[in-house]
Amino acid sequence: MKVVFPERTVFSMDVERDIGGAMAFFDFLNASNNKGEFFFTGKIVEEHPAECRKISKKYFSGAHGFGHENFSRKNYAEQKSLVEKTQNVFSENNLALLGWRFPRLQFNSASMHVLAEKGLPDYSLRGQNMRKWGNAIFFWNFLKCALAEQTLFFPFPFPAALEEHPFDSVDLFEKDFSNLHGRVILHCYNFNKIKDKF
């Protein structure tokens with residue numbers, strides 16, 4: 001597994017509803033010198049293709065499931081079908097699909113194998129867990145799912161072909177937070193409530 005940590009702060013938004021919040025975030029990024037990412041669900045792309053295309057032309061665009069499903073409760077075939085369905089929606093709407101973030105950051109071992117087979121980098125793992133667990137991160141994920149009483153699965157290693165882009169939240173109240181290293185995950189439906197902090 002290839003692990004790529006961000007070189008500077010990246011604002012990363014999950015867009016599963018409220019396209020207006022996503023557009024406000026788009027305007028914020030345009031007015032600042034910050035790097036941004038957008039992870040759209042397939043349904044949002046279907047419902048708001050023009051807005052998603054506008055964002056994708058300027059910023060990184062990835063997928064966030066098709067309908068914000070819990071992938072940890074789905075088997076390999078179901079997950080592969082959902083990823084392909086989402087890929088098709090992005091393609092049909094001329095939207096770049098550059099990566100994937102699992103909804104609610106929930107997934108199982110098969111999830112990462114589907115992404116590797118599809119050539120999609122993953123953005124779902126916390127950096128501190130990557131540093132602590134290293135190559136045993138797949139076992140950490142199994143324990144996390146077991147403690148959450150989600151469907152149990154055999155904890156086999158994440159594939160070597162997987163490209164992982166971890167996130168680490170930075171302190172937004174530090175004076176020069178935009179030059180810190182980290183990926184800050186935001187949600188479209190709460191951006192308008194917190195944007196004054198930036």
Report task. Among the residues of region 120-147, write down those that are small (Gly, Ala, Ser) and free of Cβ contacts under 8 Å to residues at least 12 places away in the same chain. Result -> Gly134, Ala136, Ala146
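Can you name the residue in region 159-171 that is part of a loop (DSSP other than H, G, I, E, B) and under 25 Å from Met13 (Cα atoms) and is also modelled with the lowest pLDDT among such residues? Before the answer, list the steps.
Taking region 159-171 and keeping what is part of a loop (DSSP other than H, G, I, E, B), we get 159-162, 165-166, 168-171.
Then keep just the ones that are under 25 Å from Met13 (Cα atoms); that gives 162, 165-166, 168-171.
Working: Leu162: 95, His165: 94, Pro166: 93, Asp168: 84, Ser169: 78, Val170: 71, Asp171: 68.
Restricting to residues being part of a loop (DSSP other than H, G, I, E, B) and under 25 Å from Met13 (Cα atoms), the top hit is Asp171.
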Query raised in the report: Name the residues in region 128-150 that are surrounded by fewer than 14 Cβ atoms within 10 Å (Cβ to Cβ), of a type outside the set (Asp, Glu) and not in a helix (DSSP H, G or I), would you?
Result: Ala148
Query raised in the report: Does Phe60 satisfy the condition of being touching an Asp or Glu at 6+ places or on another chain (Cβ under 6 Å) and not basic (Lys, Arg)?
Result: yes
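Take the conditions of a type outside the set (A, V, I, L, M) and either touching a helix residue (DSSP H, G or I) at 6+ places or on another chain (Cβ under 7 Å) or farther than 20 Å from Val89 by Cα (or both) and apply them to Lys2. Does it pass? Please lay out each step first, then the result.
Values: of a type outside the set (A, V, I, L, M): yes; either touching a helix residue (DSSP H, G or I) at 6+ places or on another chain (Cβ under 7 Å) or farther than 20 Å from Val89 by Cα (or both): yes.
So Lys2 fits the description; yes.
On the basis of being touching a strand residue (DSSP E or B) at 6+ places or on another chain (Cβ under 9 Å) and at pLDDT 90 or above, does Tyr123 make the cut? Steps first, please.
Details: touching a strand residue (DSSP E or B) at 6+ places or on another chain (Cβ under 9 Å): yes; at pLDDT 90 or above: yes.
Against the criterion (touching a strand residue (DSSP E or B) at 6+ places or on another chain (Cβ under 9 Å) and at pLDDT 90 or above), Tyr123 qualifies.
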Report task. For region 78-87, state whether one or more residues are free of Cβ contacts under 8 Å to residues at least 40 places away in the same chain, surrounded by fewer than 20 Cβ atoms within 10 Å (Cβ to Cβ) and among the small types (Gly, Ala, Ser). Result -> yes
Report task. Sort out for me the helices (runs of 4 or more DSSP H) sitting completely within region 1-119 that have 1 or more residues that are modelled with pLDDT under 95 and in contact with a Lys or Arg (Cβ under 9 Å, 6 or more places away or on another chain). Result -> 19-31, 109-118
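The values are calculated or read from the model by the stated rules, or taken from the named source; none is laboratory data. The structure presented is a predicted model; accordingly, all values stated were derived computationally and were not measured. Neighbour counts are summed over all protein chains in view; Cβ atoms, including those assigned to glycine, are modelled from backbone coordinates with ideal geometry.
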